[in-house]
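Here the structure comes first, spelled out in structure tokens, and everything after it is commentary.
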Amino acid sequence: QVQLVESGGGLVQAGGSLRLSCAASGSIFSIDAMGWYRQAPGKQRDLVAHISSGGRTTYTDSVKGRFTISRDNAKNTVYLQMNSLKPEDTAVYYCNAYSGYSVHWGQGTQVTVSS
């Protein structure tokens with residue numbers, strides 16, 4: 001089993017920055033790709049960014065050029081650096097990890113961007 005704990009969320013003004021962290025524990029040897037998703041009130045949970053075990057990254061169009069996903073395998077941690085934040089980035093951000101045929105989720109961290 002894999003446990004994921006997110007941190008780093010908070011309240012920030014538009015144009016500001018935040019860095020989210022997601023620390024993995026448990027059966028970390030089995031983790032392959034990792035990603036960040038977000039869910040705004042009344043909306044579905046959508047992919048924000050994804051990073052493969054080899055470091056290949058993908059982003060949803062709305063965050064390209066503003067967000068950067070990275071991972072530190074020695075610390076079993078994945079990061080999401082968020083710059084130039086906009087009010088529409090407000091959501092609960094979830095980390096996930098793929099291991100074998102399983103997908104594991106963190107509990108989420110709230111990001112609120114004020115205008």
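Odds and ends about this structure:
- Rounded to whole Å, the principal axis extents of the Cα atoms in the chain read 42, 26, 22, largest first.
- Its Cα gyration tensor gives the stretch 54-115 an equivalent ellipsoid. The semi-axes, each the square root of 5 times an eigenvalue, are 23, 15, 11 Å from largest down.
- Set of aspartates and glutamates with alpha-carbon distance to K64 below 16 Å, sequence-local pairs under 8 removed: D46, E88, D89
- With a cut-off of 14 Å between beta carbons, the residues surrounding T58 carry a summed charge of +1, where Lys and Arg count +1 and Asp and Glu -1.
- When both bridge partners sit in the chain, DSSP labels roughly 90% of those beta bridges antiparallel.
Throughout, read-outs are computed from the coordinates displayed, never taken from laboratory work. Worth saying up front: this structure is predicted, and the values here are computed from it rather than measured. Cβ sites come from the backbone with ideal geometry, for glycine too, and all protein chains shown count toward neighbours.
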